[in-house]
Structures are given as C-alpha cells and as structure tokens.
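Below is one structure; the comments refer to it alone.
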Amino acid sequence: MPLVTTKKMFAMAYQNGYAIGAFNVNNMEITQGIAAAAAEEEAPLILQVSRGARKYAGLRFLRAIIDATVAAVPSVPICMHLDHGDTFETCKQYVDEGFTSVMIDGSHYPFEENIALTRQVVEYAHAYGVVVEGELGQLGGIEEDVIGVGAEELSKHLTDPDQAVEFVERTGLDSLAIAIGTSHGAYKFKTAPKLAFDVIEQVARKLPGFPLVMHGSSTVPREYRDLINKYGGQMPDATGVPEEAISTAAKMAVCKVNFDTDLRMAMTAAIRQVFAEKPTEFDPRNYLGPARDTIKTMVKGRLHVLGCAGKAAECSEHPSMVTAHS
Ligand SMILES: [Zn+2]
C-alpha cells in the first residue's frame, strides 16, 4: 500500500473508539521493530520524524527507510508525519518531500499568531492533499528542542475547549494536539498523573468527530528502567502516563498517541543487557538485533493498549484516495 494520510485512520479510530500509534523513527532498527509489530498485529501506523531525527540521520535517509518500510509491509497503511514542525518553511519542505502529514507547533505563540501560522501551513499542505496537526495549550517536559512547562505548572496550561473550537474553525486543520496534563520525556511525574479527560470530553461535545492528539504519553516502563539500571545505567525513578489512561483517551476523541521515550528505553535496555552479559561481543548486529526485537515487543503491547491491533484493513484506503504528491 502506498503512503496514506491520517484521514481514513482517524475517521475509523474516532468512530470505533481506538487510537493510532505514532512512533518516532531515527534509524533502520527502530523503524523495522515498529513495522514488524504493526505487521504482526495488523495495525495501521504513523511513522514520525522530528527535527532531531533529521539532524541525526538526514531527511534523505529517513525517507528511504520509511519508503522501504512501506514496501516491506504492504498490509499496513502507513502515514509519514513531521513531528513538531516549528516554522512554515519547515512544514513546506516536508510537504514538498512527500510527507503525507505535518505538524505545525505554534503552541508557544499567542493565540492569534498560532492561528495565523497554522492557517498558512494548512493552506499550503491541503493544496497537496497533505493533512495538518496543530497544537493548542502547553505540554510539560522536554523533547529535544521542544521545551514545555514544569510539572507543577501543567494544570494551568491545559487546552481551553472554547479556544480549541475557535482554533479548529479558523485554521481548518485536520487534528489538534491538546494539553491535558501530559509531559514530554522520560522524567515526567513523581506520581501517576491525573489527566484532564474532561477537556477531551468538552472538545468532543463542541467538535463532534474531530480527532485529537496526545503528546508526551510514553508510559516510561518500569521493566525497561529496571533493566537499564541493572546493567549499569542510571535512570532516576519516574512515572509515565499509565496504560489505562491511554486506553481511556483512545476510546474518546483521541485518535493519535505519540511514543518516543518508550522506544528509546526499550532499545537502551536491550543493548545494555547484551553488553553486560556478553562483554566480548563487538558485532553491532548482535546488539542492534536484540534491540530491534525488544522494540517490536514493546510496540505490540502499545498497539493493544491503543486498541488499533487488527484495524489495518478497515483503515486501508482505496488507491485513488491516497495523496498523489511525491
Ligand atoms: Zn510532542
């Protein structure tokens, strides 16, 4: 199946009460692990690229890896998405590169400026059949160069449902990342967070059928943190977003949930374990291979939490519905 946008995925996810997993890709092994999980679970998939990933691997390599993935798992509808685009020019460039979805994150700007910037990206992207995600309200934590508010500030920066309605209507965007108390990165919370499900509910009531997005929703699995620390790492104790909270949001209007930290932790845990248990090992295939397998196992679990396992077929698009831009 060629690359698809999120249109059909989100329509199905909204209607049938699940969410699509959006996973950050930085290299071949991470992408293969995610794709293998989606293929085995027959789940639709969003592969997303951050500016940090681009700085690390280069857009040409990331594109080639994603193109290869699309060819390798023809049963899985895959959307290629830019995560946290910062300017119109960045978003334009990814649209021109053939990405099927871009995010413009103007959440740090005043409301009117966020609207103007988002609208500009929407007008450009829609002309090429590319969908746009925007953001309103402020998330916590740090993700590469995306810096949010502190944990104690989170509740003051939640998305205002009335503003969300105005934002969606005036920008014409396709999905909206909302702040409901989640936080980027591995060191999210000291105790399990209380997410503002009422914000999701209110937006859903005011904008029925409109897909919402959750960022900063890694679960920060204890299992991987314990392995990392057992094999010489030093990750402080921290709590992520509980799986039940992700499932609850997925059954509501949340149609896309982003995961990055969990991938990093799974990969690091597996590599540390090989290095500790087999100190003579120096063939990268023998530690990147287990890392890829661990990512696959982790992602399979997430796909069940999201409820999108088994939904690849209903999210598949007729070829004529797929964007022709490339
Ligand atoms: Zn994010």
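Among the residues of the stretch 256-292, those identified as closer than 23 Å to Val49 by Cα and of a type in the set (D, E, K, R) are Lys256, Asp260, Asp262, Arg264, Arg292. Restricting Ile78, Ile20 to those that are within 16 Å of the ligand (Cβ to nearest atom), among the hydrophobic types (A, V, I, L, M, F, W, C) and buried (at least 23 other Cβ atoms within 10 Å of the Cβ) reduces the list to Ile20.
In the stretch 23-39 there is no residue that is under 18 Å from Thr248 (Cα atoms) and crowded, with 20+ Cβ neighbours inside 10 Å.
Residue pairs whose Cβ atoms lie under 8 Å apart, separated by 6 or more positions or on different chains, with the first residue in the stretch 146-171 and modelled with pLDDT of 65 or more and among the polar types (S, T, N, Q) and the second away from the ligand (no atom under 16 Å from the Cβ) and not in a helix (DSSP H, G or I), are Ser155/Ala196.
What residue, among those in the stretch 81-103 that are in contact (Cβ under 8 Å) with a residue 60 or more places away in the chain and crowded, with 23+ Cβ neighbours inside 10 Å, is farthest from Val213 (Cα to Cα)? Step by step, filter the stretch 81-103, then rank; the result is Val95.
The values are calculated or read from the model by the stated rules, or taken from the named source; none is laboratory data. For clarity, every value in this text was computed on a predicted model and none was experimentally measured. Ideal geometry is used to build each Cβ from the backbone, glycine not excepted, and the neighbour counts take in all protein chains shown.
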